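Each remark here refers to the structure printed beneath this line.
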Amino acid sequence: KIVHVSEAARPNVNVASFTHSGDGQPAIAFSPDGVKVAIASTIVEVFSLFSQKQTGKTIKCGRADIVAFTADGTHVMTAARYGADCVEWDWTTGKSVKVLATDKSYGRITAFSPSGKLLVRRRRGRAEIVDVASDKIVTSFPVEGWSLDHLSISADEACFSYIDGGALHMRSIPKGEPLAAPIRLGDSSSIAFDQKLPIVSSAPVAGTVRVW
């Protein structure tokens with residue numbers, strides 16, 4: 001699969017393109033310093049954004065629907081949506097460093113924070129933000145719909161956004177308090193925080209990307 005990276009200001013201009021060897025829809029994450037890209041599916045490959053060449057070793061993860069770099073950029077975290085453990089990998093060697101068990105009966109991991117420190121899972125009608133290292137719940141709250149896949153945690157890990165019931169919501173971490181009135185969106189396929197500015201963008205299934 002060919003993965004393209006574009007400028008936010010000029011979305012039709014490709015900055016780089018990468019050939020990913022895994023199967024299935026790939027997940028993508030940028031390193032904290034913005035110079036590497038991790039692409040994950042049945043394997044994880046880390047590329048240099050400038051040379052567009054793979055760096056480090058290929059990680060044979062089995063299945064990864066989400067991926068994130070750790071805060072120092074030396075490792076990556078992977079997890080599948082359903083019934084799979086969260087694994088920390090050393091991308092320079094391709095070997096696992098730590099395995100973090102998840103609730104296979106009820107849990108569903110939906111997103112990592114940019115640093116890989118926090119993860120979000122939906123369980124028993126609630127959204128839970130969990131500290132990865134300790135597996136302790138930081139905050140939780142009820143969710144109305146089943147669209148919690150569309151979720152993003154800010155770079156400072158102080159707030160997160162999600163789409164529920166066709167509206168964009170923002171809540172604080174760790175209290176889980178609403179930060180603004182819900183924004184009606186309609187259909188959106190994904191959302192993401194800008195990692196430097198307090199704005200969030202939403203991408204519809206087909207159409208224009210909106211920045212809020």
Pick from the range 63-78, criterion open to solvent by less than 20 Å² (accessible area, probe 1.4 Å) and in a strand (DSSP E or B), ranking: nearest to Thr93 (Cα to Cα): Val76
Can you find even one residue in the range 40-62 that is within 12 Å of the chain's Cα centre (by Cα) and assigned to a strand (DSSP E or B)? yes
Of the residues Gly186, Gly176, which single one is at positive phi and either under 17 Å from the mean Cα position of the chain (by Cα) or modelled with pLDDT under 80 (or both)? Gly186
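To keep it simple, each residue is scored yes or no on (1) at pLDDT below 75; (2) open to solvent by 10 Å² or more (accessible area, probe 1.4 Å); (3) polar (S, T, N, Q).
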| position | (1), (2), (3) |
| --- | --- |
| Lys104 | yes, yes, no |
| Arg108 | yes, yes, no |
| Phe112 | no, yes, no |
| Ile129 | no, no, no |
| Lys136 | no, yes, no |
| Pro142 | no, yes, no |
| Gly145 | yes, yes, no |
| His150 | yes, yes, no |
| Glu157 | no, yes, no |
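The values are calculated or read from the model by the stated rules, or taken from the named source; none is laboratory data. None of the values given here were measured: they were computed from a predicted structure. Quick note on the areas: whole protein, heavy atoms, side chains included, nothing else; ligands and nucleic acids left out. Shrake-Rupley method; radii C 1.70, N 1.55, O 1.52, S 1.80 Å.
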